[in-house]
Amino acid sequence: MKVQQLLAHHGIRENPFGQEDAQSDQIFKQHCLVGTYHPAWDKIFGSPQEPSTAVVFGEKGSGKTAIRLQIADQIVRYNREHPDTRVLVIEYDDFNPFLDCFRDRLFGRQRRPERTLESWRLWDHMDAILILGVTRVVDSLLGSTAGATPVEAIDQAKIDSLTRLQRRDLLLLAALYDRSLAMPRKQRWNKLRRKLRYWSWPTEWARALGIGVTAAVIGGLAYAERLADFYNSWKPWLIILAGWLPWLWRSGRLLWQAWRVMRQVRVMQHHPNLLRQLLEKIPRRELLDQPIPDKERSDDRYELLNKFQSLLRPLGYAGIFVLVDRIDEPHLVNGSVERMRDLLWPMFDNKLLKHPGIGFKLLLPVEVSYHLAREDREFFERSRLDKQNLIRSLEWTGQSLYDVANDRLRACGESTNGKISFRDLFDEAVTEPELIATLERLRVPRHLFKFIYRLLVEHCNRYTDDNPRWTIGREALQSTLALYLRDLAEFDRGQGTG
């Protein structure tokens, strides 16, 4: 007997329990993004009008990635209904590019990963978040489609409403944090400058002066038929040098500043001369006293974050959601709880997590939470986790897992079959309370899917196509559960999580 025959008998088109990861689960993405929520959904999501932080710890398979996808989908729906007060979603879930650059910049590839993450600081997280946010906004302004996540176009009228200083701020942020492989950085920055209609010809006066003095000296000597003096005397060279001094002075200062930015922004590869060329397009009086991330501190990053938020408002964004997920997956972390702690702990800063207009949604492995009990009073005073909507364990009851199973069955059911119930797959002798008690022992949706898939296969292997049985009996349910829980316990012991 085949599994598909059993499902088709009950009016189910495809196996609802064949996938285990929400990232690649088409049934979840197409049918369960709306409606199939964890009981703590309201506390985690909060309100788009007033973004708030939530810190969630959950074991593998408890639905953290599913919650991230649901938050992103909910914000897309909210943005359609509120085009003038949209929420910018920053998905901070791929740490590998930032960690690779961080390691190469500080230590080279021979450095041991456990030692690398000890040097990670709060401002490294802030730089990474600004890189993701600024790049996404620049993509929206330029209409770029090179990114993995679709961007929402920004009306030209909103771009035109920006003041000159706001355009300056956007170009400054793009010079410091825009990272895209779609086109060369200088070409992309100049394209943005033209899009913003930020004319930079006044910044060329120093270069024009140097060129003019050089041309005048050479032309004057040629006219006087004394061009040989240009090579044999130091005076013409001194005059030319004096003409170029203003440009050399400003370029030298900007090059020094760009070199310091390259040293301190450790999660992105900067080229000092290229950054100098971009900053040179901004007039000196408009660049004076602007925050530049060239020191080992978070103060400049907070000021740049405030600038970024002030730019988003006239562009139609009233808030920001930062979704932090998959912190155990980077190859420098490789599932190590200690490395996850080193990477994550700097972000536990109340000033950042409670920053106005930004809601951080930290979806974290439950193993990291065990280190919280070992922290001192200073850590909790700095992080103020009591104010961060802390959920210590993303738990699922048997009833909530039963509802998840029902939702997935109905998503895969034939439209003419009416309302399919999970209970219909089992014999009449198996009661609903017994099913709920069984699911209670599975704890998380991933184990639910694995167990039901295994149960379906085990049941179908007991019968032939000529002598099928369309419901699952108690004996198959209990024996399969016992084997599954045994295998699960052995796996947990092997992972050190038992």
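The values are calculated or read from the model by the stated rules, or taken from the named source; none is laboratory data. Here the structure is a predicted model, which means the values were calculated and not measured. As a convention, Cβ positions derive from the backbone with ideal geometry for all residues, glycine included, and neighbour counts pool all protein chains shown.
Points worth noting:
- Region 8-23 residues that are more than 30 Å from ASP325 (Cα to Cα), paired with ones that are in a loop (DSSP other than H, G, I, E, B) (beta carbon under 6 Å, 6 or more apart): HIS9/TRP470; GLY11/GLU414; GLY11/ASN417; ILE12/CYS412; ARG13/CYS412
- Within region 315-350, the set of residues being aliphatic (A, V, I, L, M) and over 30 Å from LYS195 (Cα atoms) comprises VAL324, ILE327, LEU332, VAL333, VAL337, MET340, LEU343, LEU344, MET347.
- Of residues in region 225-268 being crowded, with 17+ Cβ neighbours inside 10 Å, under 20 Å from GLY212 (Cβ atoms) and small (Gly, Ala, Ser), the one modelled with the highest pLDDT: SER251
- Applying the criterion of being of a type in the set (Lys, Arg) and touching a residue at least 40 places away in the same chain (Cβ under 8 Å) to the residues of region 341-357, the residue that is surrounded by the most Cβ atoms within 10 Å (Cβ to Cβ) is LYS354.
- Residues in region 373-394 include none that are within 20 Å of LYS29 (Cα to Cα), in contact (Cβ under 8 Å) with a residue 24 or more places away in the chain and surrounded by 14 or more Cβ atoms within 10 Å (Cβ to Cβ).
- Looking only at residues in region 418-441 that are part of a loop (DSSP other than H, G, I, E, B) and either surrounded by 13 or more Cβ atoms within 10 Å (Cβ to Cβ) or not small (Gly, Ala, Ser) (or both), the one that is farthest from the chain's Cα centre (by Cα) is GLU428.
- Counting only helices (runs of 4 or more DSSP H) that sit completely within region 292-411, those holding 3 or more residues that are closer than 30 Å to ARG168 by Cβ and of a type outside the set (Lys, Arg) correspond to 299-312.
- From the list LEU99, LEU106, LEU88, the one residue that fits, being modelled with pLDDT under 90 and either assigned by TED's automatic domain parsing to the domain that holds LEU323 or of a type outside the set (A, V, I, L, M, F, W, C) (or both), is LEU106.
- Pairs with Cβ under 8 Å, 6+ apart, first in region 67-87 and touching a residue at least 24 places away in the same chain (Cβ under 8 Å), second polar (S, T, N, Q): LEU69/GLN23; THR85/GLN49; ARG86/ASN79; VAL87/ASN79
- Residue that is farther than 22 Å from ARG443 by Cβ and in contact with a helix residue (DSSP H, G or I) (Cβ under 8 Å, 6 or more places away or on another chain), where the choices are SER383, SER393: SER383
- Against the conditions (1) part of a loop (DSSP other than H, G, I, E, B); (2) surrounded by 15 or more Cβ atoms within 10 Å (Cβ to Cβ), VAL34 satisfies every one except (2).
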